[in-house]
1. For chain A, what is the mean residue ellipticity at 222 nm derived from helices alone (per DSSP H run of n ≥ 4: -39500 (n - 2.57); sum divided by total residues; nearest 500 deg cm²/dmol)?
2. For region A:322-436, what does the alpha-carbon gyration tensor say about shape, rounded, prolate or oblate, given a ≥ b ≥ c as the root eigenvalues, a/c under 1.5 as rounded, and a/b over b/c as prolate?
3. Among B:197, A:198, rank each residue by its count of other Cβ atoms within 10 Å, from fewest to most, as a rough exposure measure.
4. What distance in nm separates the two pseudo spin-label positions at residue A:184 and residue B:458, each 7 Å out from Cα along the beta-carbon direction?
5. Could you calculate the FRET efficiency of residue B:141 with residue B:68 from 1/(1 + (r/R0)^6), where r is the beta carbon distance between them and R0 is 51 Å, rounded to 0.05?
6. Compare the peptides A:281-290, B:138-147, A:140-149, B:242-251 by average per-residue count of other Cβ atoms within 10 angstrom and give them in order, highest first.
7. Given an 8 Å cut-off on Cα distances and at least 6 residues of separation, report the relative contact order of region B:13-203 as a percent.
8. Can you classify chain B as rounded, prolate or oblate using the Cα gyration tensor, where a ≥ b ≥ c are the square roots of its eigenvalues, rounded means a/c under 1.5, and otherwise it's prolate if a/b beats b/c and oblate if not?
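Read-outs: derived from the displayed coordinates by stated rules, not from any lab. None of these values were measured; they are calculated from a predicted model. Neighbour counts run over all protein chains shown; Cβ positions are idealised from the backbone, glycine included.
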C-alpha cells in the first residue's frame, strides 16, 4: 500500500524535475541565480560576443506591432527597410497586430514578451516609462529631434530623455461638421451649433463619458489635471471652489449641454454610424473618422477647431489633449540597435509622407507638415488651429475610470440627484489616489 | 473530527515505521539512508536500485544547482533591481544580474515542494527497503523488476491511471494556485512589476486594505457592493435556469407534444453557438443604439416605459445594458436564454428516470398535473440533482463569460466610489478580479479577492452538502 | 363547445403555440446572426432587423482575402488542431481519473477527491497569470502546444460527471471479470470502456469544444500579436475592437456562423448521448 504513495510522489518528482530541465534551458532563468557582481549581455544569445558593428553580416529577426488597418502599409515599409540595410544584415521582420490604443495593456502584462518595435498613442508613454518598458532613443537622437515638431518631441520625452519616435501629430480631437447645416458663425460656439442642429432636427455628438474628451471642458475653464513628479500619481483641481470658474460651474454647464435634444453622447463607433445614416451632422472626434465623414458628407465635409461653450455666464474655449502617435523600442529587445533603426525608418520623412497619403494622419515631421498637401487637409488644418488650446496628455492610469464615470453622470443628467460638489470631490479623490 | 484524528495517526505511523526501519534495519537498509538504491542492490533488484539512485542524483543536482539560489532569496524575494545600459559599441543592452521577484516566488516555491517531496520519498524508500529485508529474512519471494512493472497493470493500476492526470493538475492548478495565494501577501502590483521592479512580502496589508475604509481607497466599499450582487446573481441565475429548464423539459417531453425532438433541437442550436459569439451578438442586439431599441422606439414601447417611469425621461432609448437596474435585469434574462437549454437537457434525462408507478399512482388517486409536479416531480428532481445544483451555484458565482461579455466596455458605472476601484454595479467578484489584473495589474488585490471567492464558495458548499447528503451513500448506490 | 372538444383541440394548439413562441425567442438572435452574416453593410445595422442588401461577400472575404484582421482559414486550422489534441488528452485524463476514483479502492482515494473538490472552488482566472509565467519558463508561450497543455493539463479535475456515470455500472460485472482472471487494465479497457459510450461522447464533445469557446486564456498565451497563430475565438473577438467593429461586424457574424455550424451538428447528432451521459453523471454529481 505504501509504495503506491511513493510511486505517486515519484511521478510528482519526475514531473518537477522535467519542469526544471526545461527551465534551465532558458538563458534568463539561469542568469538570475548567478551572483550579482558580473554583467551579462541582455541577448545572452550566442551571437552576442562575436558581433561587432563593422563585422560580417549578422542575422536579425525583429517583430513589429502596428494597428490592424495599417498592416499592408507597414509590410511595405518593413520590406523597404530590409532592402535598404541588406548590405549590413540579414533582417527578417514579422508583423503583429496590436491596436495603438491598447499597446500599453498588452505590454504591461508581460514586458519581456513585447515586440521589438511597436506603435502607441502618446498617453501611454508615462506608464511605459514608469515600468521601464521603453528603450531610450540613443542612435541619431539629435537628427530625430530636429526632424520632428517640438510638441511631438515633447510628447515623446520623459524627464529629459527621448523615449520614442514621433510618428503622427494628429491623434488629438477637433470638430467635424456638415457645411450644409452650419454657417461659419455657428461653429464658433457650442450653443450655436446645438441650436443649428436642433433647427434641422439633427444632433451633434461628443463622447462626454470618456476622460479623454471630458478634459476639454474642465481645461477650458482653467482647471487642471496632470502628473506629479513621481510620474504615476495625478494632481487634479477639478473640484476647485475658489477659482473664477469653479468645478460646479463646469458640471452645471455639462448638465445643460447634455440635456439639450440637439446634443448626443455617442461612442466613436456610434458617431461613425450616425454620420453614415445622417442623424449626426457634427461631432468632436479625431482623424480616424475623417474618411467616414468625408464619404458621408462629400463636399460639405468640414473641420474646425473646437468651439467655445457657456460656463458661468461666459464663453470658454474648449481645450483638448494634443495627441501624437509614437513608435517605441522595447527595453527587452535583443536587437536594440536594429530595432531603433527600424523605428526611425518607420517614422522618417518619406514614410510619414506615405502614411499621410494612405491614412490621412497628420505628420509630426516638420518638413512634411509644412507642405501644401498636408495643410490643405481640413482635419489637419483644424488640428493646427486647435494646437494653441491643446496640451500634451500627461495623466496617470487612475485618471480614466473616475473621469469616465463622472462624464456618464453628466451625460445622464445626474440621475441620482447627487450633490455636484460631492461628485466632483469623489472623482478627484479617485483620480489623485496613490498608485500602490 | 474523526478524519483529522486519522490523519495525525497516519502521520505518526509514517514516522514510526521510519524509526523502526532505521533501528532494526541491516547494513543495506542503513546504507540506503545515504544512497537510495543501495537496499535494492542488496536484494538483487538492480534496475530498481539504479532508478532510485538516479532519481536521488537528479534531486540533489536540482536542489543544489537550481533550487537553493531561489530558496535563499525567498525571504526577501530579491534585492537587486534590474539596470540596463545601452552599449553603442556592442549595439546591445548590458544588463546587470538582477533579481526577478516573481521567478524567485515561483521557483522558490517549486523547489521547496520538491525538497519536501524528496524527503518523503527518502523516508518511504527506507521503509520499503526494510520491508524487503523482512521478506528476505522470512525467505519469501521478492518481486523481480518485471513483476513490479506488471503490478502497475493490476493491483496498482490506479497509480498508472492517476499519475499523469495528477501531475497535470499539480503543474497547472496546484502550483499556480499556491503562487497566487502567496501573491496576496506581497506588494505585487503596478508599481512593483518584475522584471523592472522588485516586490516583497507585506503580510496582511492587502487584506486590511480590502476590509478597512480609508480616504484614498474604496476597495472596502466596492467589495461590499460587488459581493452582494454576486450573491443575488448566483441565487437568481441558478433558480431561474433550474426552474425554467425543468418546466421546459416537462413541456417538451409531455406525450401530448408533437415532434419533441424537433423542438428540442431548436433550443440546442441556441447553446451550440459559442458563448463569445452569441453573447457579443446579444450585447449589440440590446445596445443603446441597437436593433431592439430601434424596434421598441418604433412600436412606442420606449415612450410607454417612460410614461410609467421605468425609463428616465431624459433618455431616448431603453438602457438595457447601461442602467444599473435595467442591466441586472437584462443580464439575468439573457442568462436564462443561455442556461435553460442546458438544464432542459439534464432534466430530460432525469425525468425519464422518474419511476412511473409513482406518478401513475398519484394520478389514480386523483392528483392533477400541478400537484404531481409539486409533490412528486420537483422533490425527485431536487433529490437527484441536489449536488449538481450546488455545483451550478458555485459555477454562477464564478460565471465570468456572461457578465464580462455583456458588460465590458459597455457598462459605465455612475457610482464614483466604485469607479475609483475599477468596479461597477454589475461586476461579479470574478470579473472585478479579472479587470484588476488586466487593466490595473493589481495582482495582490486580485489574489485577495480570489481567496475571498474561495472562502465564500467553500462555506456554501460545506453547508449545502451537510444539509443535503446525510452520510455517504456512495457504496450502496452501486 | 364542450369541455372535451376544448381539451382535444384547443389545448394542443395552445401548447404548440407556446412552444413556437419560445423557440422563436431562442432562435431570434441566431437568425439575426445568420442574416447579418449575409448583409452587404459591414458594420452593425441598427435600423432594420433584416439586412438591406444581401451578399455572400462576407464569407468569400473570410476565405479568399485573409488579411491580418481576418485570417480565418488559418485560425480555423489552428483551433481544429488544438481542439483535436486537447480532446485526446483531456478525454483520456477525465476517463482515467473518474474510473480510478469510481471503480478502484485505494488509500488516497478519499483525500484526493477532497482535494479535487477544494481546487474546484477557486476561481479559474486567479491562476491565469501564474500559469502564463510557468509556460513562459518552459518556453511554451506563443505556441499551440502550450495552449493544449493549459486546456488539457488540469482536465482531470472535471471528473465528477464521468465518475457518476461509472458509479452506475454494477460492480458485480467487474467482480466476475476479476474472478475469470482479467487484470485491472483489461477490465478498464475491454469491459467498462465499451459500455460507456454515452459518457465518452459527452466527455469528448466537452473537451473538443473548449478551445473553440475560450478567448481569455488563448489571448494571454498567444500574445505575440501575430494573427496567423491565433485561434478562431481570439480572431473573432478582436474583430469587435473599437476601431474595427464598424468594418468587420458582418464578417464577425459570418465567422460565428462558420464556427457554429460544425458545433451545432455535433450537438444535434450527439444529443442523445449527451443527455444519457450527463444525466448518468449529474444524478450523482
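1. Theoretical 222 nm ellipticity from helices: -12500 deg cm²/dmol.
2. It is oblate, given that a/c is not under 1.5 and a/b is not larger than b/c.
3. Ranking B:197, A:198 by Cβ neighbours within 10 Å, fewest first, gives A:198, B:197.
4. About 7.4 nm, to one decimal.
5. Taking R0 as 51 Å, the efficiency between residue B:141 and residue B:68 is 0.75.
6. Result, highest mean Cβ count within 10 Å first: A:281-290, B:242-251, A:140-149, B:138-147.
7. Relative contact order, region B:13-203: 26 percent.
8. oblate
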